[in-house]
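Below: the structure, in structure tokens.
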Amino acid sequence: MNVPFVDLHAQYLSLKSEIDAAISEVIAQSAFIRGPHVDRFEEAWAKTLGVKHCVSCANGTDALYIAMRALGVKPGDEVITTAHSWISTSETITQAGGRVVFCDTDNETFTIDPALIEAKITSATVGIIPVHLYGQPADMDPIMAIARKHNLWVIEDSAQAHTARYKGQTVGTFGNAATFSFYPGKNLGAYGDAGCVVTNDDHLAEWAAAFARHGGKGEHVMEGICSRMDGLQAAILNVKLPHLPAWIEARRRVAVRYDELLREVGDVVTPKVAPDRNHVYHLYVIRTQERDALRQHLTNAGIVTVLNYPKALPFYPAYANLGHVPEDFPVAYSNQSRILSLPIYPAMSDEDVAYVIENVLALARENRR
Ligand SMILES: Cc1ncc(COP(=O)(O)O)c(C=O)c1O
């Protein structure tokens, strides 16, 4: 038996006629770049989140860069972000001209530890980028309180957390701006790259839209970049969006079964969800000291797992210049060698889930012998 990490083909088959019709319509209309499908998606996504503006762009990485440029990041500005994320979160700080300042994570939720942020603030600090990692919101109340106290902006990197909620409020609505990725494997994924910036700030939205489209259509009020959403991607996202709540529920059902049956297995630590948050399980990440052995065992059994992410960001060669040592980020450092992402996707069958659980249990039994 084989269990993939995600099954995008099964999702396509479940919506095949609608997706095929949407693609044909875009082609028939030659609505390839921006156009009515993109306008419709921007409106629908802003409405789903409850924000005023959605500025679509080419991907979630550009979205971070565009948001930072819109907030006026300039050379020498310091931006504080989490030590454990996908590199888009930090590389865009540098691209925008800023300096990356990493902060360790909270041991229970994998998200930035707000208790450590203030010690990182200097006179050069301009903003904070929390990441709602794996689909669980970062602890937004203390983060926003720190931002208000020190007059900093906040960009929520929400690439992995479409519609997750913190104290009942949807992520993407706390900071000055938030960014999303619609990379194919995300909870809401296109059939190629796509992303957006969302905000309630009229000026920021207008500036971001102009910047992402060569500094404005017709009149170039500035030099910008070319970061646009394709009509095909938007049309596909429009078909998929109404299904997002059901897909998240299906992910939660898988997570509940994993939680129940893996909680007591060997030294496995299942993901903790803080009581005031809801998790959309983009990824289901367990921790164990036996990570590499378990991964090998699951691979041998035909089960695909992933490491998200095998190194905390400060320990990649890309950041060697910062000269960090493990003691600077003890939680992220300890997690990097213990984390393992198990398969989770809406179309995952009960048999698939049972097979993964059975194989995790089998290794634990072997280890006890
Ligand atoms: C946390 C995080 N931020 C940013 C991104 C960047 O998104 P994209 O791949 O659409 O550029 C991703 C996507 O992988 C991500 O997981």
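Give the long-range amide H neighbours of residue 190: residues separated by 5 or more places, or on another chain, with amide H under 5 Å away, using H modelled in the peptide plane at 1.01 Å from N.
The answer is 183.
What does the helix-only formula give at 222 nm for the chain: each DSSP H stretch with n ≥ 4 adding -39500 (n - 2.57), the total divided by the residues, and the result rounded to the nearest 500 deg cm²/dmol? Can you show the working numbers first?
Values: 12 runs with 141 residues, N = 369.
Computed mean residue ellipticity for the chain: -12000 deg cm²/dmol.
Once label points are set 7 Å from the Cα along Cα→Cβ at both residue 1 and residue 296, what is their separation, rounded to one decimal in nm?
2.4
Quick one: grab the alpha carbon gyration tensor of segment 1-62, order the square roots of its eigenvalues as a ≥ b ≥ c, and give me rounded if a/c is under 1.5, else prolate or oblate depending on whether a/b is larger than b/c. Could you put the intermediate results ahead of the total?
Working: a/c = 2.13, a/b = 1.35, b/c = 1.58.
In terms of gyration-tensor shape, oblate.
Expressed as a whole percent, how much of the Cα-Cα distance distribution for segment 300-369 exceeds 16 Å? Can you show the working numbers first?
On the way: 1511 of 2415 pairs.
When all Cα pairs of segment 300-369 are counted, 63 percent exceed 16 Å.
Given the chain, what count of lysine pairs have C-alpha atoms under 22 Å apart, with each pair 8 or more places apart or on different chains?
For the chain, qualifying lysine pairs total 18.
From the alpha carbon gyration tensor of segment 78-216, can you work out the equivalent ellipsoid semi-axes (sqrt of 5 times each eigenvalue) and give them in Å, largest to smallest?
Details: eigenvalues 97, 71, 43 Å².
They are 22, 19, 15 Å, listed from largest to smallest.
Go ahead and run the numbers for FRET between residue 23 and residue 47, Cβ-Cβ distance against an R0 of 25 Å, rounding to 0.05.
Working: r = 24 Å, r/R0 = 0.94.
Result of the calculation: an efficiency of 0.60.
Figure the gain on full extension for residue 349 and residue 202 (residue separation times 0.36 nm, minus the Cα-Cα span) and round it to one decimal in nm.
Working it through step by step, the gained length comes to 48.5 nm.
Extension gain residue 122-residue 267, at 0.36 nm per residue separation less the Cα-Cα distance, in nm? Intermediate results must be reported in sequence, preceding the final value.
Working: separation 145, 0.36 × 145 = 52.20 nm, distance 3.98 nm.
Difference between extended and current length: 48.2 nm.
What ³J(HN,Hα) values, in whole Hz, does the Karplus curve 6.51 cos²θ - 1.76 cosθ + 1.60 give for segment 337-347 when θ = phi - 60°, with x put for Gly and Pro?
My calculation for segment 337-347 gives 9, 10, 7, 8, 8, 8, x, 8, 6, x, 7 Hz in order.
How do 343-349, 260-266, 157-163 rank on mean C-beta neighbours within 10 Å, highest first? Please report the intermediate quantities before stating the final value.
Values: 343-349: 20.0, 260-266: 14.9, 157-163: 27.4.
Listed from highest to lowest mean packing, they are 157-163, 343-349, 260-266.
Report the semi-axes of the equivalent ellipsoid for segment 101-164 in whole Å, largest first, where each axis is √(5λ) for an eigenvalue λ of the Cα gyration tensor.
On the way: eigenvalues 78, 32, 19 Å².
So the equivalent ellipsoid measures 20, 13, 10 Å along its semi-axes.
If I take R0 = 22 Å and measure r between the Cβ atoms of residue 337 and residue 87 in this structure, what FRET efficiency does the formula 1/(1 + (r/R0)^6) give, to the nearest 0.05? Don't jump to the answer; show the numbers that get you there.
Details: r = 18 Å, r/R0 = 0.83.
Calculated transfer efficiency: 0.75.
Percentage of Cα-Cα pair distances in segment 179-326 greater than 19 Å, rounded to whole percent?
Working: 7769 of 10878 pairs.
When all Cα pairs of segment 179-326 are counted, 71 percent exceed 19 Å.
Take residue 361, project a point 7 Å from its Cα along the Cβ direction, then tell me which residues of segment 266-283 have their backbone nitrogen under 19 Å from it.
From segment 266-283, the list is 266-271.
Taking every pair of alpha-carbon atoms in the chain, give the share separated by more than 27 Å as a whole percent.
48
All of the numbers you see were taken from the coordinates with simple rules; none came from a lab. Predicted model, so just to flag it, every value in this text is computed and none were measured. We place every Cβ from the backbone using ideal geometry, glycine too, and count neighbours over all the protein chains shown.
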